[in-house]
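The values are calculated or read from the model by the stated rules, or taken from the named source; none is laboratory data. Since the structure is predicted, the reported quantities are computational estimates derived from the model, not experimental observations. Please note: Cβ atoms are built from the backbone with ideal geometry, for glycine as well, and neighbour counts cover all protein chains shown.
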Amino acid sequence: MKRYQWLVNRFLIVLGLLGATGCDWIGPSNDSPYNHIFREEAAHLTDDASSPFCDFSIDYTYLEDENDSIATLINQAIQREWLGDDYANLLPEVAVDSFMHVYIRDYRQEVGKLYGADRAQAASEEEIPNWYNQTYSLVTFVEEGRGGTVNASANYFVDMGGAHPNQWSRWMNFDFVSGKHLTQEEVFLPSAKADIEKLLLDKLIRQQAEQHPEENVASLEDLQQLGFLQMTNMYIPDNFLLGKEAVLFLFNRYDIAPYSAGEIVIEVPYEEIGPYLKN
């Protein structure tokens, strides 16, 4: 249930922040620039249907790339980032199926050994640790961003039986004319680094003041009292999206705050950040 609630939350966040209209990013349709792959499996450790299992799912969106070398280039860069180097040059559907096969194979081989040993020593099933039941979920989005830009995001949920699940996201931007991955160096003026960091800090203070009115958050010191920016100064994250109306900056759990703070997304309208962009 935790995973499905998280997926709903991620859907609402991405849809709302990017200003998506309709469902054009979901696909597939004959006139859509996006295609969609969904895979799921409850992969049990043994042939016994009562044995522990990995709840595996991938909901994967990619660019329609038939006879389109730029879309292919972008898809390959996304696959390298989302799935790994081994999958970069495969067709998207082959890449997803191969990744799923390898993940489940490794789960059964590596976790299965430990499960077999515990099962041999345990007097009853109740004595076998629950962490053998695991979850892997990957949900990706592709969306049109600021003029001529493609936004791509991947949202991961991995539960291996620890104190809490691991949840993180990765955001990327691409120039749809060249297929180039747009990093900080391509987007922001080097001389504006300190100005952007101050802008992000001011936005974060206002954001947390609204979310925690009882704390009277008005300064960096107040943020630190809430657990923010205790181990690092404010910085420009590699996770950002060039949305249609604003630049969105993402800080994953532990980046600037404890796990309990969740993902931090700071939205900066172009009228505020425009002077610090290269174009």
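Got a sec? Which of Gly179, Gly162 is out of contact with any Gly (no Cβ under 9 Å at 6 or more places or on another chain) and farther than 20 Å from Leu83 by Cβ? Steps first, please.
Working: Gly179 fails: farther than 20 Å from Leu83 by Cβ.
Of the residues listed, the single one that is out of contact with any Gly (no Cβ under 9 Å at 6 or more places or on another chain) and farther than 20 Å from Leu83 by Cβ is Gly162.
List, please: which pairs have Cβ atoms under 8 Å, are six or more places apart or on different chains, and start with a residue in the range 223-244 that is on the phi < 0 side of the Ramachandran plot and end with one that is buried (at least 17 other Cβ atoms within 10 Å of the Cβ) and among the hydroxyl-bearing types (Ser, Thr, Tyr)?
What qualifies is Asn239/Ser169; Leu241/Ser153; Leu242/Thr149.
Those residues that are under 15 Å from the mean Cα position of the chain (by Cα) and either over 14 Å from Asp55 (Cα atoms) or in a loop (DSSP other than H, G, I, E, B) (or both), I need them from the range 140-166; list them, please.
Thr140, Phe141, Val142, Glu143, Asn151, Ala152, Ser153, Ala154, Asn155, Pro165, Asn166 - these are the residues of the range 140-166 that are under 15 Å from the mean Cα position of the chain (by Cα) and either over 14 Å from Asp55 (Cα atoms) or in a loop (DSSP other than H, G, I, E, B) (or both).
For the range 84-110, name all the residues that are of a type in the set (Gly, Ala, Ser) and either assigned to a loop (DSSP other than H, G, I, E, B) or surrounded by 17 or more Cβ atoms within 10 Å (Cβ to Cβ) (or both). Quick ask: steps written out before the conclusion?
Keep residues of the range 84-110 that are of a type in the set (Gly, Ala, Ser), which gives 84, 88, 95, 98.
Listed by number, the residues that qualify are Gly84, Ala88, Ala95.
Of Glu185, Glu215, Glu197, which residue is charged (D, E, K, R) and within 24 Å of Glu81 (Cα to Cα)? Give the derivation first.
Details: Glu215 fails: within 24 Å of Glu81 (Cα to Cα); Glu197 fails: within 24 Å of Glu81 (Cα to Cα).
Of Glu185, Glu215, Glu197, the one residue that is charged (D, E, K, R) and within 24 Å of Glu81 (Cα to Cα) is Glu185.
Out of the residues in the range 45-83 meeting the condition of being touching a His at 6+ places or on another chain (Cβ under 9 Å) and hydroxyl-bearing (Ser, Thr, Tyr), tell me which one is surrounded by the fewest Cβ atoms within 10 Å (Cβ to Cβ).
For the range 45-83, the residue satisfying everything is Ser50.
Would you call Gly116 closer than 28 Å to Leu248 by Cα, of a type outside the set (Val, Ile, Thr), free of Cβ contacts under 8 Å to residues at least 60 places away in the same chain and surrounded by fewer than 16 Cβ atoms within 10 Å (Cβ to Cβ)?
Numbers: closer than 28 Å to Leu248 by Cα: no; of a type outside the set (Val, Ile, Thr): yes; free of Cβ contacts under 8 Å to residues at least 60 places away in the same chain: yes; surrounded by fewer than 16 Cβ atoms within 10 Å (Cβ to Cβ): yes.
The answer is no for Gly116.
Specify which of the listed residues (Tyr87, Tyr132) is of a type outside the set (Val, Ile, Thr), in contact (Cβ under 8 Å) with a residue 24 or more places away in the chain and in the same structural domain as Tyr34 (by TED's automatic domain parsing).
Tyr132
What do you reckon, is Asp159 crowded, with 19+ Cβ neighbours inside 10 Å and of a type in the set (Asp, Glu)? Break it down into steps so the answer makes sense when it comes.
Working: crowded, with 19+ Cβ neighbours inside 10 Å: yes; of a type in the set (Asp, Glu): yes.
When the stated conditions are applied, Asp159 passes them.
Consider Ser137 against the criteria (1) more than 26 Å from the chain's Cα centre (by Cα); (2) assigned to a strand (DSSP E or B); (3) of a type in the set (S, T, N, Q): it satisfies all of them except one. Which criterion is unmet?
For Ser137, the failing item is (1).
Before we move on, is Thr46 of a type in the set (Val, Ile, Thr), farther than 29 Å from Arg170 by Cβ and touching a residue at least 40 places away in the same chain (Cβ under 8 Å)? Break it down into steps so the answer makes sense when it comes.
Values: of a type in the set (Val, Ile, Thr): yes; farther than 29 Å from Arg170 by Cβ: yes; touching a residue at least 40 places away in the same chain (Cβ under 8 Å): yes.
Yes, satisfied.
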